[in-house]
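Down below is the structure, laid out as structure tokens.
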Amino acid sequence: MLKKLFQIMLLSAVLCSLSACVVRAVRVNPAILKGQYYFDAGYYKSAMRQLMPAAIEGDPHAQYAVGYMYYYGYGVAQDTDMGYFWMRKSAARGFPLARVALSMIGKHEEKDEAAERHFEIKNEKLKAEGVGPRI
């Protein structure tokens, strides 16, 4: 009986300590929760005001959110370079969404560069034929 009680107490202690670890690991900065709320509600400028301080402090979730907002122009003038900057900071801190976004941006930029090169080559050929550039 005493052995069984000891096992139950030990199991309870382990479970309590594990739950405390989970609670600590899941803790989210309240500014990020507010920023997410404002973003979802369409209040992009308010979201940026909530998220920017956390991004500056180094929170990778906030850095990704700020980068996303700059990249697509939510609540700020669109600035893809600034968006890329913040997403890179977030990815460097291991935030998975930022890594995926950078991968997608890189592929998109490669396609844009290839299309631009194709356009330039075609215009050079037309110039050589005396037709002139097409815009």
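The values are calculated or read from the model by the stated rules, or taken from the named source; none is laboratory data. Just so it is clear, the structure is predicted and the values come from calculations on it, not from any experiment. Glycine gets a Cβ as well: all are built from the backbone with ideal geometry, and neighbour counts include every protein chain shown.
Residues of the stretch 28-70 that are closer than 22 Å to Arg93 by Cα and polar (S, T, N, Q): Asn29, Gln36, Gln50, Gln63. With respect to Ala25, is the statement that it is in a helix (DSSP H, G or I), surrounded by 10 or more Cβ atoms within 10 Å (Cβ to Cβ) and at pLDDT below 95 true? Criteria not met by Ala25.
Consider the stretch 77-99 and keep the residues that are hydrophobic (A, V, I, L, M, F, W, C) and assigned to a loop (DSSP other than H, G, I, E, B). The one that is farthest from Ala54 (Cα to Cα) is Ala77.
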